[in-house]
Amino acid sequence: MSYQKIKGTLDFYQQEATKMRLIETKAKEILKTFGFEESITPIIEMTDVFIRSSGENSDIVNKEMYTFLDRGNRSITLRPEGTASIVRSFLENKLYINSPVTKLYYCGPMFRYERPQKGRYRQFMQFGIEVFGEESPFLDADVIISAYTLLSALGIKGIKLKINTIGDFASRVNYTAKLQSYFADKIDDFCEDCKQRLTKNPLRILDCKVDSEKDVVKRAPKIKDSLSDASLAHFIEVTTILSMMKIPYEVEDTLVRGLDYYTDTVFEFILDTNDDLQGLAICGGGRYADLVKNFGGPDISGIGYAFGLERIMMVMTNQNLFTDIDKKTDVFIISLDKESKRLGLEFANQLREEELVVEMDYKNYTLKQQFKLTEKLNPKFIIIIGEEERENNIFTIKDTQNNTQEKVKKENIVSYIKSKKQ
Ligand code: HAM
């Protein structure tokens, strides 16, 4: 019987896995300079954690969650996103007691039962951040800057930042009423989802995958005309700082995001490259002033975003940004008899302590067989150990880049290699 991976999932191996980890490492390095620390939470949570956060009417909760009963009859869900888990953990561990502002990053697999297609999977990796405890628009700007810094550090070109505000609670009550009355006599021509949305969350009509391109949607009332003074001032400050920092952005007044917890600033980084990846969302986020409170915690505002790592990988591969990740072998050790193999293995591990990448042959005893193995690995140096070398403690070393061969005392080999290695 042969097994295949589950639809919508991916295997990462060798170079592909290296690429994924490279992005993760870079992200961690950059987020650390912004004062972030890591948070690792379980992949499974009680289902209510997601219903309460993403919203009962969101697509994620309605259609996309991997939910099951465990053997104790509890409803458990594989996390579809990171924010809810981090909020749960932030509250459960009372992180707000230790400092007024908490900055966390996380990285790991998320699960959504979506229709798989290029860049959309049922298991995918997110790298995300969440910040709790500060409402200032300066923080919104700094959070967006951190995402922009990361994308720039990865060398990704053709990025577009789309930003909007969906206002605070008061602004949205006002706006929701305006949308409901605007769409009331038009909704018959809309999809079934939008019909539901009209009463439950009319903002989502604006970014419906089916209906959002309709003229009637484009002519709908705009959030900016319903904003409270505080929300308007907040948004102006965020965009002023982005302009000051020369971060290109576009205000998109139909951007509302697919999760129900957002308030005020929402944003996405999409690809604007006029190729087959045009429009791909590689990062999404925003502020959520009420989520912690809705979880039963104190009145603490949060903001965050998440990158889809497979999508970043796709873009970077497309843009040829993964250079220099070929597997590199510094040294290959050839040994010509059993005793030499033992010595070779011991010596390989001494060299590895010097952070050299060392491989050896474990099986063969002839030069020819072992040289064959070096063809694929293409090591910078080949060390040959036979009876004579063992007895004299002088090994033969071949420098494959300069095509030279010398006999070098065992204790001098590290300095010999280091002097030659570029
Ligand atoms: P999201 O927009 O649902 O937001 O996802 C963030 C990113 O994850 C997307 O921009 C995309 O790159 C990637 N992504 C989402 N779904 C898939 C999928 N099925 N396959 C591959 N990649 C995918 C959130 O998840 C929020 N929790 C972000 C956030 C954090 N907001 C505040 N804090």
Fill in the blank from the handout: Scanning segment 117-150 for residues that are open to solvent by 40 Å² or more (accessible area, probe 1.4 Å) and in a loop (DSSP other than H, G, I, E, B), the one nearest to the ligand (Cβ to nearest atom) turns out to be K118
Practice task
Output the residue which, of all residues in segment 365-415 that are of a type in the set (S, T, Y) and closer than 21 Å to E353 by Cα, is least open to solvent (accessible area, probe 1.4 Å).
Solution key: T396
Practice task
Can you give me the ranges of the helices (runs of 4 or more DSSP H) entirely in segment 202-311 with at least 3 residues that are in the same structural domain as L161 (by TED's automatic domain parsing) and buried (at least 17 other Cβ atoms within 10 Å of the Cβ)?
Solution key: 229-244
Practice task
Check segment 314-337 and report whether any residue there is in a loop (DSSP other than H, G, I, E, B), out of contact with any Pro (no Cβ under 8 Å at 6 or more places or on another chain), acidic (D, E) and in the same structural domain as Q350 (by TED's automatic domain parsing).
Solution key: yes
Problem - Filtered residues of segment 292-317 (kept if touching a residue at least 60 places away in the same chain (Cβ under 8 Å), more than 9 Å from the ligand (Cβ to nearest atom) and not β-branched (V, I, T)) - result: N294, F295, G296, G297, P298, S301, M313, M314, M316
Practice task
Answer with yes or no whether K94 is open to solvent by 60 Å² or more (accessible area, probe 1.4 Å), on the phi > 0 side of the Ramachandran plot and at pLDDT 95 or above.
Solution key: yes
Completion exercise
Checking L242, L255, L259, L232 in turn, the sole residue that is out of contact with any Ser or Thr (no Cβ under 7 Å at 6 or more places or on another chain) and within 12 Å of the ligand (Cβ to nearest atom) turns out to be L255
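For (1) assigned by TED's automatic domain parsing to the domain that holds P298; (2) without any contact (Cβ under 8 Å) to a residue 12 or more places away in the chain; (3) closer than 30 Å to A17 by Cα, each residue gets a yes or a no:
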| site | (1), (2), (3) |
| --- | --- |
| M125 | yes, no, yes |
| F138 | yes, no, no |
| K160 | yes, no, yes |
| Y182 | no, no, no |
Practice task
Could you tell me whether K19 is within 19 Å of the chain's Cα centre (by Cα), open to solvent by 40 Å² or more (accessible area, probe 1.4 Å) and closer than 18 Å to I312 by Cβ?
Solution key: no
Problem - Failed criterion for S152 (all others in (1) closer than 19 Å to G279 by Cβ; (2) assigned by TED's automatic domain parsing to the domain that holds I312 hold) - result: (1)
Problem - Residue list for segment 1-37, filter: touching a strand residue (DSSP E or B) at 6+ places or on another chain (Cβ under 6 Å) and within 15 Å of the ligand (Cβ to nearest atom) - result: T9, E24, A27, L31, F36
Practice task
Would you mention how many residues in segment 29-68 are buried (at least 16 other Cβ atoms within 10 Å of the Cβ) and under 18 Å from the mean Cα position of the chain (by Cα)?
Solution key: 6
Problem - E346 out of contact with any His (no Cβ under 7 Å at 6 or more places or on another chain), over 24 Å from Q14 (Cβ atoms) and loosely packed, with under 14 Cβ neighbours inside 10 Å - result: yes
Practice task
With respect to A153, determine if the residue is closer than 19 Å to K28 by Cβ, at pLDDT 95 or above and open to solvent by 40 Å² or more (accessible area, probe 1.4 Å).
Solution key: yes
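The values are calculated or read from the model by the stated rules, or taken from the named source; none is laboratory data. Computed from a predicted model, the values in this text were never measured in an experiment. With ideal geometry, Cβ positions are generated from the backbone for all residues, glycine too; neighbour counts draw on all protein chains shown. Ligands, DNA and RNA are stripped out before the accessible areas are found, and what is left, the full protein with its side chains, is counted by its heavy atoms. Shrake-Rupley method; radii C 1.70, N 1.55, O 1.52, S 1.80 Å.
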